[in-house]
Amino acid sequence: MSDTLYLSLWYPNLLLEALPDKLTAVLDAFAAHGGEPRVYSATVWPVNWSEAPVFQRVYGRMGGGAGSIPGAEPRQAVEEALELLHDDYAYEFQVGWNLWELETESSALPAAGRNAGPHSTPVIDITSAQGRVSTRQSTAANDLAHDDNPDLSVPDERVLGRWARGPRLVRVTGFGPLFDEGAYEQDGHIRIDFGSDTPFLEEDADLDQVGARHVEENVRQLVELAGGVEKASGATARLLWSELGESLAQRLAERLGMRN
């Protein structure tokens, strides 16, 4: 059963005026860890998740012209959104993050989901996941697995068995101290919403050596990103946690047959 995965970051005595620099540092760190260098969209939420956004922009090709690149520079997007700086606002940015995933019949770009309600208790520190996965060596072949004769009569969402690396949209949200009655205390001053944890487990697929290698690469990238955003933004605490309260490290160990 898939779960929703989050990374929460906290900063000591964070002043609201320092939030833009923290958000920019987190968004900038994605480019060094499998992510896109530009922000796709920005949204500002007042008071709580049930309110309508007071600001929203989807960035197309900035600057115009055939050679322009989609999206906005992180600093530009943050400055534009946080011009409305209030202690009861939340500031959400979407950025692309490249992962290995199994293709399906309906090849829609996977996007992170939003949890607009109260969250479950955090269950796993990222460092414990790092200890479980970073020392495992892969002996996978170099070629990807292919299904040359897909059965088109099978309903949509059937796994085709072809691995592809491409971007999914993840959400990076900075919380004002009064947003949603102090949600930052549980969610972090900044929260990264990765969406479904499927790329890190692929529990509905039969993993061969190639599949196991790609899952391990995804997890390793997750570990490196968590460390990267913590260092870049100066966070003093981080927590990787799931919406359903299940341990990613334990599920990964069971999935790949890893033992202590």
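Every number in this text was worked out from the coordinates using simple rules, so none of it is lab data. This structure is a prediction, so every number in the text was calculated from the model and none was measured. Reconstructed Cβ throughout: ideal geometry from the backbone, glycine too, with neighbour counts over all protein chains shown.
Peptides 48-60, 226-238, ordered by how many other C-beta atoms sit within 10 Å of their residues on average, highest first, read 226-238, 48-60.
Highest mean packing first, where packing is the average number of other Cβ atoms within 10 Å per residue, the peptides 13-25, 85-97 line up as 85-97, 13-25.
Taking amide H positions as modeled 1.01 Å from N, with prolines and chain starts lacking one, the residues under 5 Å from residue 69 and 5 or more places away or on another chain are 62. Residue by residue, the range 82-92 carries 3J(HN,Hα) couplings of 8, 4, 8, 8, 9, 6, 10, 10, 10, 10, 10 Hz when phi is fed to the Karplus relation 6.51 cos²θ - 1.76 cosθ + 1.60 (θ = phi - 60°); x denotes Gly or Pro.
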